[in-house]
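J.: Quick one: the structure is below, questions incoming.
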Amino acid sequence: MANPNPYHLFLSPRSPFARRVRLALRRLGLPVIEHPLNVFDSNPDLEAANPLGLVPALILPDGRALSDSSAILETLHDLHGGVWPELTTDRIEIRQASTLATGLMQAAVSHFQETRMHEVPSPMWAKDHLNAVLSTLRHLESFRTDLWIRSGELTQAGWDLACALEYLEFRIPECRGAIPTVLSASTGSAREHQPFRETAPKH
């Protein structure tokens, strides 16, 4: 018998890391109550779930708390399956693609924070974060397309790439022209799904 207790997800609506978890929960058909918040405000419930004050943070139906989007996805796969391929060789490759897509998210977030949230941004750090974005895009362009879309369905890496690219367009619009066409296919495929459209970051 399925556990009737829902998951509880603390999130920032603009976070690509929270978005990848939101999408996985919906794909797996798991009951979840979302708790949107501003991570720059004090939130005792979030801090109880993750003392670092970072999102996403997920409360399992049994009350245990998880933080870090990758750790959350691993746990969801352990509990329910459906996140990663069952074949080990496929899982290794798609996890690596996912890791780089998630790294692209981090580089884009770091660039945004450096250039928009510091009173005196550091040109050195801004350039470093932007170079990380651009070099990762060039590297991912060489990946096989079936790491992103397999048998007509987005893999977890494909969902992560779509989240990363849409966040990149949202926060660093001047990078749109640097996104390789072959990678944009993931975003186009993701946008056909209502949950992806519903979770898009908004100004």
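J.: Tally up the residues in segment 4-27 that are over 12 Å from Val55 (Cα atoms), under 17 Å from the mean Cα position of the chain (by Cα) and without any contact (Cβ under 8 Å) to a residue 60 or more places away in the chain, please.
T.: Qualifying residue count, segment 4-27: 1.
J.: Would you kindly identify the strands (runs of 3 or more DSSP E) lying entirely within segment 28-104 that contain at least 2 residues that are free of Cβ contacts under 8 Å to residues at least 24 places away in the same chain?
T.: 65-67
J.: Pairs needed: first member in segment 189-202, on the phi < 0 side of the Ramachandran plot and touching a residue at least 40 places away in the same chain (Cβ under 8 Å); second member anywhere, assigned to a loop (DSSP other than H, G, I, E, B) and among the charged types (D, E, K, R); C-beta distance under 7 Å; at least 6 residues apart or different chains.
T.: Filtered contacts from segment 189-202: Pro201/Arg14.
J.: Take Ser135 and tell me if it is touching a helix residue (DSSP H, G or I) at 6+ places or on another chain (Cβ under 6 Å) and either among the hydrophobic types (A, V, I, L, M, F, W, C) or closer than 15 Å to Cys175 by Cα (or both).
T.: No, not satisfied.
J.: Could you tell me which of the residues Arg19, Arg64 is modelled with pLDDT of 95 or more, over 27 Å from His203 (Cβ atoms) and basic (Lys, Arg)?
T.: After ruling out the rest, the residue left standing is Arg64.
J.: Give just the number: which of (1) under 16 Å from the mean Cα position of the chain (by Cα); (2) in a loop (DSSP other than H, G, I, E, B) does Glu192 not satisfy?
T.: (1)
J.: More than 28 Å from His203 (Cα to Cα) and buried (at least 16 other Cβ atoms within 10 Å of the Cβ): which single residue out of Arg144, Arg95 fits that description?
T.: Only one candidate qualifies: Arg95.
J.: With the structure loaded, tell me whether Gly177 is out of contact with any helix residue (DSSP H, G or I) (no Cβ under 9 Å at 6 or more places or on another chain), part of a helix (DSSP H, G or I) and among the small types (Gly, Ala, Ser) or whether it fails that test.
T.: yes
J.: Which of the residues that make up segment 117-133 are within 21 Å of the chain's Cα centre (by Cα) and either touching a residue at least 12 places away in the same chain (Cβ under 8 Å) or not assigned by TED's automatic domain parsing to the domain that holds Ala178 (or both)?
T.: Within segment 117-133, His129, Leu130, Ala132, Val133 qualify.
J.: Could I ask something else about it? Return the only residue of Glu153, Glu114 being surrounded by fewer than 21 Cβ atoms within 10 Å (Cβ to Cβ), under 24 Å from Pro13 (Cα atoms), among the charged types (D, E, K, R) and over 16 Å from the mean Cα position of the chain (by Cα).
T.: Glu114
J.: Next question, about the same structure. Filter segment 119-168 for residues that are in a loop (DSSP other than H, G, I, E, B), out of contact with any strand residue (DSSP E or B) (no Cβ under 8 Å at 6 or more places or on another chain) and not hydrophobic (A, V, I, L, M, F, W, C) and give the result.
T.: Glu119, Pro121, Ser122, Ser142, Arg144, Ser151, Gly152
J.: Only residues in segment 152-175 that are touching a residue at least 40 places away in the same chain (Cβ under 8 Å) and farther than 22 Å from Gln113 by Cβ count as the first member; pair them with residues that are part of a loop (DSSP other than H, G, I, E, B) and of a type in the set (Val, Ile, Thr), Cβ under 6 angstrom, at least 6 apart or cross-chain, and list the lot.
T.: These pairs meet every condition: Gln156/Val83.
The values are calculated or read from the model by the stated rules, or taken from the named source; none is laboratory data. Bear in mind that the values here come from a model prediction, so they are computed numbers and not experimental data. Neighbour counts run over all protein chains shown; Cβ positions are idealised from the backbone, glycine included.
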